[in-house]
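The values are calculated or read from the model by the stated rules, or taken from the named source; none is laboratory data. Every value quoted in this text rests on a predicted model; they were computed, and no experiment measured them. Positions of Cβ are backbone-derived with ideal geometry, glycine not excepted, and every protein chain shown enters the neighbour counts. These accessible areas exclude ligands, DNA and RNA; they are computed on the full protein's heavy atoms, side chains included. Shrake-Rupley method; radii C 1.70, N 1.55, O 1.52, S 1.80 Å.
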Amino acid sequence: LYGVLPIEASPGWPPDALAAQAIVARTFALSRRTFARPYDVVVSQSDQRFGGIEAEYPATNAAVDATRNSVITFAGSNASVFYSACCGGHTADAAEVWGHEALPYLRGVADPYCFAAPDYRWERSLPLDRVEAALAARVAGPITGFALGPPDSGGRPLSIDVLSATARAAVPTGDFRTLLGADVVRSSWIQALDFAPPQLIVRGAGRGHGVGLCQWGARAMGAAGSSAGDIVAFYFPGTRITAVDAGGQ
């Protein structure tokens, strides 16, 4: 965790926001323990980014130490927790976005706190020939337009309709984002697709998958005086923070 926190959050953020991040990151890491492979977590955005000893910083080390052995639990067991940079104003329902088990604390909440995030709202312009190449396996022929599919409970489209002269293909939004590039399509909350040959203009909200803790929202809550416990309770309603004999950092 000493090497995770300064990569996943800014060491200059409020102490309680860092403490909440430490608790969530610890819970996430412990939930990944397995004997099925010689490692537990992947050192990337697939699991948690990790910077090693070189990344350590006094403020983030202090947050890890202050929350030692604290994890998030639900109904007596470790909770299944996630986090992303910015939810865009409403966290995502894990069951709707990923088909994840329907858990009451991952259903998504309206979030008024993350509006100061750099990617709270974003816009990207993509060359249409690049988009057609990326989606070639999903729709035949030149693309003639796009449409947003039905939204989930938080407003995120569950799919993107890709139109051609002869077909209409519904591409899951997560796949659409991956195919076009997650650094370009910043989140799964795509709010508009403007078909303007030779460009496709994509507008959206937030950064990342949006499930669980919103890091920029936690930053704002901490700055406003919320405790780490308040932050965890807001993003994972119905859970508790519990001390366990986990050992280590």
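Things to note:
- Residue check for residue 241: open to solvent by 50 Å² or more (accessible area, probe 1.4 Å), under 30 Å from residue 14 (Cβ atoms) and among the β-branched types (Val, Ile, Thr): yes
- Selection from the range 207-227 of residues that are in a loop (DSSP other than H, G, I, E, B), at pLDDT 95 or above and open to solvent by 10 Å² or more (accessible area, probe 1.4 Å): 224, 225, 226, 227
- Members of the range 168-185 found to be assigned to a loop (DSSP other than H, G, I, E, B) and open to solvent by less than 40 Å² (accessible area, probe 1.4 Å), listed by number: 181, 184, 185
- Being open to solvent by 20 Å² or more (accessible area, probe 1.4 Å), under 18 Å from the mean Cα position of the chain (by Cα), on the phi > 0 side of the Ramachandran plot and not acidic (Asp, Glu) is true of residue 155.
- Output for the range 68-105, where each listed residue is free of Cβ contacts under 8 Å to residues at least 60 places away in the same chain and among the acidic types (Asp, Glu): 101
- For the range 192-206, residues that are open to solvent by 10 Å² or more (accessible area, probe 1.4 Å), assigned to a strand (DSSP E or B) and either aliphatic (A, V, I, L, M) or touching a Pro at 6+ places or on another chain (Cβ under 8 Å) (or both) total 5.
- Taking every residue in the range 223-235 that is polar (S, T, N, Q) and pairing it with any residue that is modelled with pLDDT under 95, at least 6 positions away or on another chain, yields no pair with a Cβ-Cβ distance below 8 Å.
- Filter result for residue 67 (among the β-branched types (Val, Ile, Thr) and under 22 Å from residue 192 (Cβ atoms)): no
- Any hit, the range 135-145, residues being loosely packed, with under 12 Cβ neighbours inside 10 Å, in a strand (DSSP E or B) and either aromatic (Phe, Trp, Tyr) or at pLDDT 95 or above (or both): no
- Flag if residue 62 is part of a helix (DSSP H, G or I), open to solvent by 30 Å² or more (accessible area, probe 1.4 Å) and modelled with pLDDT of 90 or more: yes
- In the range 158-167, the residue that is nearest to the chain's Cα centre (by Cα) out of those that are within 22 Å of residue 89 (Cα to Cα) and buried (at least 17 other Cβ atoms within 10 Å of the Cβ) is 159.
- The range 229-238: number of residues that are open to solvent by 10 Å² or more (accessible area, probe 1.4 Å) and either within 29 Å of residue 177 (Cα to Cα) or not charged (D, E, K, R) (or both): 5
- Of the residues making up the range 81-121, those that are part of a helix (DSSP H, G or I) and either open to solvent by 30 Å² or more (accessible area, probe 1.4 Å) or of a type in the set (Asp, Glu) (or both) number 7.
- Index of the failed condition, residue 124 passing every other in (1) open to solvent by less than 30 Å² (accessible area, probe 1.4 Å); (2) not in a helix (DSSP H, G or I): (1)
- Unmet criterion (only one of (1) on the phi > 0 side of the Ramachandran plot; (2) modelled with pLDDT of 95 or more) for residue 76: (2)
- Filtered residues of the range 11-31 (kept if out of contact with any Ser or Thr (no Cβ under 7 Å at 6 or more places or on another chain), open to solvent by 10 Å² or more (accessible area, probe 1.4 Å) and within 13 Å of residue 231 (Cβ to Cβ)): 13, 14, 15
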